[in-house]
Structures are given as structure tokens and as C-alpha cells.
């Protein structure tokens, strides 16, 4: 098409033309479907002639009962096939999810390699700088709290009790037990 825009009346005309064609196709499909339905019903369900005698009526009932049994068996067989197919589909879905979600991780070998050797392997033979990782670390002084020192220096528990006993009754209680 050219770079020119289509006029709105032209768009409207084309849209109505497409809708009319689609409507005609749908009507044609519906008439074909109706004809097929009528043909099937004529084959599967012939016109019923009501017999006048009792024996003919009983024979008709037996025949109808037998047809119902056959149709019921076919329905059951088809239902079982559908259920089996659905179960297989579900199993396959589960297998696909298992395959997509889990992969076996290969066992990796431990390799001892210094930082220089690793950089040399990654960057090639052009790498000549030695890398001392500890040189760039900050020096930190460790401060020890006085309370922690006191706790470490406690020593014997009996001496600790005698030092801390401010009340004579508490001291006597401990001496009586010992």
C-alpha cells in the first residue's frame, strides 16, 4: 500500500463487506451442520412403528433395551479411554516439570590455586603483577573490656563468695553447708 491513509468511509465500507461475507459463511456452516444432524438422526433413529400385538411390543422393548445396553457400553469404554488419556497427560506434565526443574550438578574437583596462578590462568601470560591480598587489609587493634578480664580472673568460687558477701547471714549460710 502507499503511504496515504485510508479514508474513514473506505474503512467503514471494507469492514461492512468483511462482516457480510463472514455472516454468509457462518450461515452456510450452520445449514451444513443441520443437514448432517438430520441425516445422522435418520440413520440412527428410524421412524418408530408402534406394533399392535403384545408379542411385537415385547420384541420392540427387547430390541430397544439391547440398543441401550450397547450404547451404554460404548459410552463407558469411551469414558475410560478419556480418563486414561487424561491420566497419561498429567503424568507426562509431572515428568516435564521434574525434568525442567531439577538438574544433576556435576561433582567438581577441588583445585588448589593461588590468586596469582588464577589471575594468570584468566588473563593469560601478560599478567605479571603479584597480588598480595593481606597487604591491602586494614590494621585493627583489639580492645579487651575490663569486665571480661575480671570474669577470666575470678579463679576459685569460694574466694569469690567471701569477697562479695556483704551480709554476714549469707556468709554463714554458705559455711554451714560446707
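Among residues of the stretch 60-76 that are under 16 Å from residue 50 (Cα atoms), those with a Cβ under 9 angstrom from a residue that is at pLDDT below 95, sequence gap 6+ or separate chain, pair up as 60/48; 60/49; 60/50; 60/51. When residue 8 is tested against (1) surrounded by 10 or more Cβ atoms within 10 Å (Cβ to Cβ); (2) over 43 Å from the mean Cα position of the chain (by Cα); (3) at pLDDT 90 or above, just one condition goes unmet, and that condition is (1).
Please determine whether any residue of the stretch 44-51 is surrounded by 10 or more Cβ atoms within 10 Å (Cβ to Cβ) and out of contact with any strand residue (DSSP E or B) (no Cβ under 7 Å at 6 or more places or on another chain). Yes: the stretch 44-51 contains one or more residues that are surrounded by 10 or more Cβ atoms within 10 Å (Cβ to Cβ) and out of contact with any strand residue (DSSP E or B) (no Cβ under 7 Å at 6 or more places or on another chain). None of 98, 91 is exposed (fewer than 10 other Cβ atoms within 10 Å of the Cβ), at pLDDT 80 or above and within 42 Å of the chain's Cα centre (by Cα) except 98.
The values are calculated or read from the model by the stated rules, or taken from the named source; none is laboratory data. As the structure is a prediction and not an experimental result, all values here were calculated from the model. Ideal geometry is used to build each Cβ from the backbone, glycine not excepted, and the neighbour counts take in all protein chains shown.
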